[in-house]
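Take a look at the structure set out below.
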Amino acid sequence: MELLASEEVVFAEGVNHRVVLDGTIVRMRVWKAPQIPSDDAAADFALLVERVIPLAAQTSALVLDVIDAPPVAGPKTQAAFESLLVAFASRYKRVGIVTAGHGLQQLQMRRLVSERAPRHGAVFTDAAEAARFAG
């Protein structure tokens with residue numbers, strides 16, 4: 001794992017994602033990589049989520065940045081998001097999701113939070129607000 005600032009450690013990094021452990025907070029950023037077919041990207045994201053889920057037991061919160069991700073997640077990616085939210089929320093850990101100003105993306109993420117992490121999740125358009133929410 002690559003050491004960054006004082007407490008940041010790169011947990012995973014790929015062509016369309018980066019996961020950093022920042023003290024006790026997991027910071028996960030995903031983005032669209034046009035060179036990857038959408039089915040492959042969804043499968044890669046599902047594998048990434050499988051690696052990140054165990055961190056829910058060891059950390060205090062998750063900040064998920066989807067600003068540069070496709071505006072609407074397909075069924076496989078949506079299922080992976082649901083698993084991620086449930087893993088953290090079931091352990092009473094906060095999940096702050098940072099979205100772009102895209103209405104469909106915000107609507108989808110708000111629905112996922114209301115269904116899978118209603119007490120511990122929130123959707124933001126400002127990364128600083130999500131970071132404050134996470135602690």
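The values are calculated or read from the model by the stated rules, or taken from the named source; none is laboratory data. Small disclaimer: the values here were computed from a predicted structure and weren't measured. FYI the Cβ positions are ideal-geometry reconstructions off the backbone, even for glycines, and counts take in every protein chain you see.
W31 satisfies every condition listed in (1) under 11 Å from the mean Cα position of the chain (by Cα); (2) buried (at least 19 other Cβ atoms within 10 Å of the Cβ); (3) not basic (K, R) except (2). A73 falls short on exactly one of the conditions (1) surrounded by 14 or more Cβ atoms within 10 Å (Cβ to Cβ); (2) at pLDDT 95 or above, and that condition is (2). Residue count for the stretch 110-135, restricted to those that are in a helix (DSSP H, G or I), in contact with a helix residue (DSSP H, G or I) (Cβ under 8 Å, 6 or more places away or on another chain) and not acidic (D, E): 3. Among what's in the stretch 51-88 and is among the small types (G, A, S) and part of a helix (DSSP H, G or I), pick the residue that is farthest from A131 (Cα to Cα). It comes out as A79.
Looking at the structure I just gave you, is V49 within 19 Å of F11 (Cβ to Cβ) and touching a residue at least 40 places away in the same chain (Cβ under 8 Å)? Taking the combined requirement at face value, the residue does not satisfy it.
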